[in-house]
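*Asks:* Can you keep this structure in mind? I'll have questions shortly.
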Amino acid sequence: MSSNDLEKEVGIPAAAEAAVDDFEPDPTTIPIWSKNLVLAILCSMCIGLAGQMLNPTLPLYTVEIGFPEQMAGIMLTAFSIGSLLFRPIAGQLVDYIGRRKMVLCGSLLVAFSFLLYLMSTNFYMILCVRVMQGIGFCLTNTGIGTVASDIIPKARITEGIGYYALAGAISMTVGPAVGLELKNMFSMRGDFIGGLLLASICIVASRFISYEEKLKTRKPGEKIKISLFEKTSLLPASMIFTATVAQTSLTAYLALYGRSIGLEGVSSFFLFTSVGTICARAFAGKVTYRLGEKKVLWAAVLVTTCCFFAVSFAKTMPVLIAIAIVYGFGYGVLYPVTNAMSIRNAIPENRGAANATYSASFDLGTIVGGSVWGIVVANLNYPWMYRLAAVLTLFIIPLTLIYQRKFVEWR
C-alpha cells in the first residue's frame with residue numbers, strides 16, 4: 001500500500017506514519033534498578049570497605065610488630081602490584097568461566113587472606129598475604145564490575161555506572177575511618193575480623209545474583225587465550241590512567257605539601273572530595289544523557305585542571321576544602337563517563353577483559369604517579385608538581401578526539 005493509499009484509507013498522513021516508524025523511546029523510561037544491581041552494589045561496597053580499612057592501619061601494624069617505617073609503604077605497593085599483574089588473567093577468567101564464579105572465588109580468597117593475617121607475625125608472610133589479597137580483590141572487582149555492566153541497560157550505562165560507582169566512593173570515604181576506629185578499639189584483630197565479615201557478606205550476596213551470562217566459548221581441550229587488554233577499551237583506559245597519575249599527586253603528597261606550608265588537618269581534603277564525588281555520581285548519568293558525553297567529559301577535565309592549579313596556590317584550609325568539593329565533582333563525573341565508554345564498544349563476551357583493562361589503568365596510574373611525582377618534588381617543588389598535574393590532565397581532551405574519530409557515533 002502506498003503512502004497516499006494509507007492516508008486515504010485510515011486518515012493517517014504519510015509523514016506521521018514515518019515519524020511513528022522512526023520513534024525511539026526515551027532512555028530515561030527504561031528501568032535501571034533491579035535486585036541484581038542492588039546486590040552488585042552491596043558486594044562492591046563490602047569488598048571496597050574491607051580493602052580501604054587496611055590502607056591506613058596495615059602500615060602502622062607493620063611498624064608496631066617491629067619493622068622499620070621504610071617497609072611499611074611496601075604493603076600498599078604489594079597490593080597494587082598483585083592486583084595489576086593479575087588483571088589480564090582475571091578478565092579472561094571472567095569472560096570464559098563466569099562473572100559470578102569469579103566474584104565467589106575472589107571473595108573467598110579475600111576472606112582467607114584475612115584469616116591468614118590473624119596468624120601472621122613475620123613481615124614477609126604479611127607481604128605475601130598482601131599480594132594474595134590484591135589478587136583476590138582483582139578477581140572480585142573485575143567480576144562484580146562486569147556483572148554491573150551486563151545488567152545495566154546499554155541506553156543508561158553511564159547513569160548506571162554512576163550509581164554503581166557510588167559504592168566505591170562511599171567505601172573510600174568511610175573505610176579508612178572505620179579501620180582506624182576498629183584498630184583503636186580492638187587492635188588490628190578488629191580490622192582483620194571486620195574485613196573477614198565484610199568479605200563473607202560479599203560471598204553470600206553474590207550467590208543471590210542471577211541472570212544469563214554471555215560467556216566466551218572454546219572447543220574441548222582448547223586453552224584459554226590470555227589477552228593483555230581489550231582493544232576497544234584502550235582509549236578510555238588511557239584517559240583514566242592519565243587522571244589517576246595526576247590524582248596521585250594529591251593522594252600521595254598533599255599531606256606533605258600541607259606540612260611544608262604549615263597547614264594542619266589536610267586529610268579533611270579527601271573527605272570533602274568524596275562528598276563532591278558522591279553528589280556528582282548521583283546525577284552524572286542524567287546530565288550526560290541531556291548534554292552528551294563529550295561536553296560533560298570536557299567540562300570535568302577543565303574543572304579538575306583548574307583545581308590542580310588552585311591547589312598549587314592554596315595557603316589556607318577553607319580554600320583547600322572548597323577546591324576539594326569542586327575537584328570531587330569533576331572526578332566524580334569523569335569516572336562513570338570513561339568507564340561507560342570502555343564497556344560500550346566491547347562485545348558482551350569481552351566485557352570482563354574490558355573491565356580488567358579499565359581497572360588495570362588505576363593500578364598502573366597509582367604506581368607510575370607515586371614514582372614520577374616523587375622525582376618532580378625532588379627536583380622542583382610541590383606547587384610546580386600540581387601545575388604539571390594540571391597540564392597532564394588536559395591531555396585527556398586530545399584522547400577524546402581520537403576516540404571520536406574511531407567511534408564516530410560518540411557525542
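*Asks:* If the limit is 19 Å between Cα atoms, which of 35/154; 216/406; 295/406; 154/214 go over it?
*Replies:* 216/406
*Asks:* From the alpha carbon gyration tensor of the chain, can you work out the equivalent ellipsoid semi-axes (sqrt of 5 times each eigenvalue) and give them in Å, largest to smallest?
*Replies:* 39, 28, 19
*Asks:* Springs between alpha-carbon pairs under 10 angstrom, Gaussian network model over the chain: which of 167, 111, 378 fluctuates most?
*Replies:* With Cα springs under 10 Å in the chain, the top fluctuation among 167, 111, 378 is at 378.
*Asks:* Considering only 242, 277, 146, whose Cα is most displaced toward the positive end of the charge dipole of the chain, charges sitting on Cβ of Lys, Arg (+1) and Asp, Glu (-1)?
*Replies:* So the residue we want is 242.
*Asks:* Residue 101 to residue 282: FRET efficiency via 1/(1 + (r/R0)^6), r the Cβ-Cβ distance, R0 41 Å, to the nearest 0.05?
*Replies:* 0.85
*Asks:* Could you give me the ³J(HN,Hα) list for segment 342-355, computed from phi with Karplus coefficients 6.51, -1.76, 1.60 and θ = phi - 60°, whole Hz, x at Gly and Pro?
*Replies:* Residue by residue, segment 342-355 yields 6, 8, 4, 9, 7, 5, x, 5, 10, 5, x, 5, 5, 5 Hz.
*Asks:* Label residue 322 and residue 81 with points 7 Å out from Cα along Cα→Cβ: what is the distance between them in nm?
*Replies:* The two pseudo-label positions are separated by 4.3 nm.
*Asks:* For segment 198-356, what does the alpha-carbon gyration tensor say about shape, rounded, prolate or oblate, given a ≥ b ≥ c as the root eigenvalues, a/c under 1.5 as rounded, and a/b over b/c as prolate?
*Replies:* prolate
*Asks:* Also: Taking θ = phi - 60°, what integer Hz values does the Karplus form 6.51 cos²θ - 1.76 cosθ + 1.60 yield along segment 191-196, in sequence order, with x for Gly and Pro?
*Replies:* Here the 3J(HN,Hα) series is 5, 5, 5, x, x, 4 Hz.
*Asks:* So, one more: Can you work out the Karplus-derived ³J(HN,Hα) for every residue in segment 199-212? Use 6.51 cos²θ - 1.76 cosθ + 1.60 with θ = phi - 60°, whole Hz, and x for glycine or proline.
*Replies:* Karplus values, whole Hz, x for Gly and Pro: 5, 5, 4, 4, 4, 5, 4, 5, 6, 9, 7, 9, 6, 7.
*Asks:* If you put +1 on each Lys and Arg Cβ and -1 on each Asp and Glu Cβ, how big is the dipole of the chain around its Cα centre, in Debye rounded to 20?
*Replies:* The dipole magnitude comes to about 780 debye.
*Asks:* Please report the relative contact order for the chain, taking Cα pairs under 8 Å with a sequence separation of at least 6, and give it as a percent rounded to a whole number.
*Replies:* Dividing the mean separation by the residue count of the chain yields 24 percent.
Readers should treat all values here as calculations from the given coordinates under stated rules, not as data from a laboratory. Please read all numbers here as calculations on a predicted model, not as lab measurements. Every residue, glycine as well, gets a Cβ built from its backbone with ideal geometry; the counts of neighbours run over all protein chains shown.
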